[in-house]
């Protein structure tokens, strides 16, 4: 269905303008006419009576690069109105990649984004070297969403420098090779560069992008500036406020000199960080006044995080616990029952300093599911309550929960951030931010990033009234397309691609996430059911209808406007 009439809806065109009654005619996958009372020309008709017709939503921060190969349906994003995903974030992309570096990149990607190695090894074809070949392999398969991919800085450095990429700055000849390789990626359709100042691999070694000096960064940014193509996405150091702001200032200084827009992930707010969040918003506003600006990414989602002892990067600053997570099941059991390991585990808890695992907030670490009958009495209790009731150290209470529940206790860390909708509203309504931080596809057992679009529309539009519907739609569509340089998307207007979503605001729902085991090799992930949308279309093709996927995969790797001259536009 690429020639059709969407009849009788209220069009929200993506510009922020209020809805208006209009039909939408689609021909050859593009919108050719928008207006009231259009005369049918034999097209198939889609009834949008009583519903809104809007541009398909663009998810501006995902790690779905690998998952789109083993799940071209991109479950469940089309069920939440998403038609395009931005991939290649946080210095990590699947291309360019030499065969001899594949195992290294897979392990780095899987550890940082908390995904099973087996899924990468068996679910991705790995039949490319350069970015253009990667694009072609994706387009041969298709997906239910379009993909706009950044290039990972760590991938570039690993390709050129091999293992040395982790440990040192590039030499002049290597820097030239990195720049040449990056230009090839831009020519082949990359939407820019992603880098990280914060991430480490499974061994605690900083990722390759962290070894780059300003001269290398500046060369990459200058290339995007000369071409008028590309944005920079980056991960600042977040554990220390001074370092966090220093990284943003560093990027602003370099990006401002080259005219390149930048964005970082992600700005969150909690009860004890309101002042810092306000300082980061002020910093963002200042960079944007000076231009072209550094834009924080925000999500409307509260951060309740499930803790899995199969794999997690949360214990990187706690060596005993990190060793436990990396061990095989038999070794885990042995460690949990070893007094020597227990002593180290207690020391990890007692050691001051920043930690991704909220060891200093045990009242927010909740036991939610028991595997053993004898442990069910603790369900609904916090780690603080369990330790106090039993009269044991917090570390021992946690270790016992893991051991006595067959290494799979249900543990959820609640209200870690974004717990106050009033504070979240300040983030998502700020003109200095991008609503683009779902992280969909990553941390699959910890959280489900899919559905941020629906949460925005239900909680912050329908229930709280923080934004007008047209403003929320603009933030998910034309704002995203404009920032990332995605052509012909984000608007309901003649000449634009027919990436569209049809919904009644009162019919939308934001289901709770449920754990399923459907990754290659039987790996687990949290998924969210469909959000109540009537239809989602990519290029005029229905990908989701009335809560069910259609199985159609019209999506492709999109191309920035300046790359259309060398490769056909998706």
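Values quoted throughout were computed directly from the atomic coordinates according to the rules given, and no laboratory measurement underlies them. What you see is a predicted model, and the numbers here were worked out from it, not measured in a lab. Reconstructed Cβ throughout: ideal geometry from the backbone, glycine too, with neighbour counts over all protein chains shown.
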Margin query: Expected output is a single nm value to one decimal: the length gained when fully extending between residue 176 and residue 516, i.e. 0.36 nm times separation in residues minus the C-alpha distance. What is it?
Written below: 117.8 nm
Item checked: Residue order, fewest to most beta carbons within 10 Å, for 214, 499, 65 -> 214, 65, 499
Item checked: Helix axis angle, 214-227 relative to the chain longest principal axis, alpha carbon, degrees -> 10
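Full extension from residue 389 to residue 468: what is 0.36 nm times the residue separation minus their Cα-Cα distance, to one decimal in nm? Before the final figure, lay out each step's value.
On the way: separation 79, 0.36 × 79 = 28.44 nm, distance 4.84 nm.
So the chain would gain 23.6 nm between residue 389 and residue 468.
Quick one: if the Förster radius is 30 Å, what FRET efficiency do residue 561 and residue 213 give, using the C-beta to C-beta distance and rounding to 0.05?
On the way: r = 31 Å, r/R0 = 1.04.
E between residue 561 and residue 213, to the nearest 0.05, is 0.45.
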Checklist line | residue 205 paired with residue 136, simple spin-label distance in nm, labels 7 Å along Cα-to-beta-carbon | finding: 3.2
Notebook entry, point to check: Hey, what angle do you get for helix 131-141 against the long axis of the chain, alpha-carbon based, 0 to 90 degrees rounded to 10?
Noted result: 70
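Rank by packing, highest mean first: peptides 53-64, 350-361, with packing defined as the count of other Cβ atoms within 10 Å averaged across residues.
Numbers: 53-64: 28.7, 350-361: 14.2.
In decreasing order of mean packing, 53-64, 350-361 become 53-64, 350-361.
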Notebook entry, point to check: Relative to the longest principal axis of the chain, what angle (0 to 90°, nearest 10) does the C-alpha long axis of helix 394-404 take?
Noted result: 80
Notebook entry, point to check: If each of residue 347 and residue 326 carries a label point 7 Å out from its Cα toward its Cβ, how far apart are those two points in nm?
Noted result: 1.7
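Report, in deg cm²/dmol and to the nearest 500, the calculated mean residue ellipticity at 222 nm for the chain, where each DSSP H run with n ≥ 4 adds -39500 (n - 2.57) and the sum is divided by the residue count.
Working: 18 runs with 182 residues, N = 570.
-9500 deg cm²/dmol, from helical runs alone.
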Next item on the list: Take the Cβ-Cβ distance between residue 420 and residue 99 as r, set R0 to 51 Å, and report the resulting FRET efficiency rounded to the nearest 0.05.
Entry: 0.60
Check: Using the alpha-carbon centroid of each, what span in Å lies between the stretch 378-439 and the stretch 292-340?
Finding: 12
Next item on the list: Could you check the simple spin-label distance between residue 274 and residue 250, using points 7 Å along Cα→Cβ, in nm with one decimal?
Entry: 3.2
Checklist line | For the stretch 7-67 versus the stretch 153-222, the gap between their alpha-carbon centres in whole angstrom | finding: 40
Check: Which length gain, in nm to one decimal place, applies between residue 509 and residue 404 when the Cα-Cα distance is subtracted from 0.36 nm times their residue separation?
Finding: 34.1 nm
Check: Going by average Cβ neighbours within 10 Å, how do the peptides 35-47, 310-322 rank, with the highest at the top?
Finding: 310-322, 35-47
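Taking 35 Å as R0, compute the FRET efficiency from the Cβ-Cβ separation of residue 226 and residue 429 and round it to 0.05. Working shown, then result.
Working: r = 35 Å, r/R0 = 1.01.
That pair, residue 226 with residue 429, gives E of 0.50.
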Check: Which ordering of 384, 377 is given by a fewest-first count of other beta-carbon atoms within 10 Å?
Finding: 377, 384
Next item on the list: Please report 18, 304 as a ranked list, fewest other C-beta atoms within 10 angstrom at the top and most at the bottom.
Entry: 18, 304
Check: Using mean Cβ contacts within 10 Å as the protection proxy, how do 507-519, 2-14 order, highest first?
Finding: 2-14, 507-519
